[in-house]
């Protein structure tokens, strides 16, 4: 079940803004040798996210007109902006409120993720936080790795998406997310921004 952006999305975003009080440190760097599922799990959450500070700033505006964050059209951007037409198939690989009851505050809390030991949120809001990952696969072919990541955020949402990671300048990074049954793909551009294909 999906939320119509008007008025539910406005309410959701206001809850996100109200909840986001701060940012925590970035996750530890990932080793640069052979890429593994554990390394993918460390990189996926932030790569899938949007900057928390920018999300809060957007909701300080009198009216939300678009979702243009500095990192572009990430996987979390898709969740916040997804609005199917009447003839569009509803994806089954990502299910929002699978139990059928829409709770914007629960969704906002899930996107913000847990607080750190200092009581602060991460610097990104993400559909996939490390604590939500239930399974991650990884197949490496030279400097490219592909796999799937499954996740569940309480009763708010659950899903399974595909990813591609590549080694660039000696460091691995996530460069693509795919939701096959919605035909959504977002790719990391040379400028560091996600672009929907």
Simple spin-label estimate for residue 61/residue 183, 7 Å along Cα→Cβ, in nm, reads 2.8 nm
At a temperature of 25 °C and a viscosity of 0.890 mPa s, determine how fast segment 69-131 diffuses translationally according to Stokes-Einstein, using the Kirkwood radius over alpha-carbon pairs as Rh; express D in µm²/s, rounded to the nearest whole number. 180 µm²/s
Suppose the chain between residue 87 and residue 195 were pulled fully straight at 0.36 nm per residue; how much longer would it get relative to their current alpha carbon spacing? 36.4 nm
Would you please put 121-133, 152-164 in order of how densely packed they are, using the mean number of other Cβ atoms within 10 angstrom per residue and starting with the highest? 121-133, 152-164
How long are the semi-axes of the ellipsoid equivalent to segment 149-197, from square roots of 5 times the Cα gyration tensor eigenvalues, in whole Å, largest first? 23, 14, 9
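Read-outs throughout are calculated quantities, based only on the coordinates presented, and are distinct from any laboratory measurement. The model shown is predicted, which means the values in this text are computed figures rather than measured ones. Please note: Cβ atoms are built from the backbone with ideal geometry, for glycine as well, and neighbour counts cover all protein chains shown.
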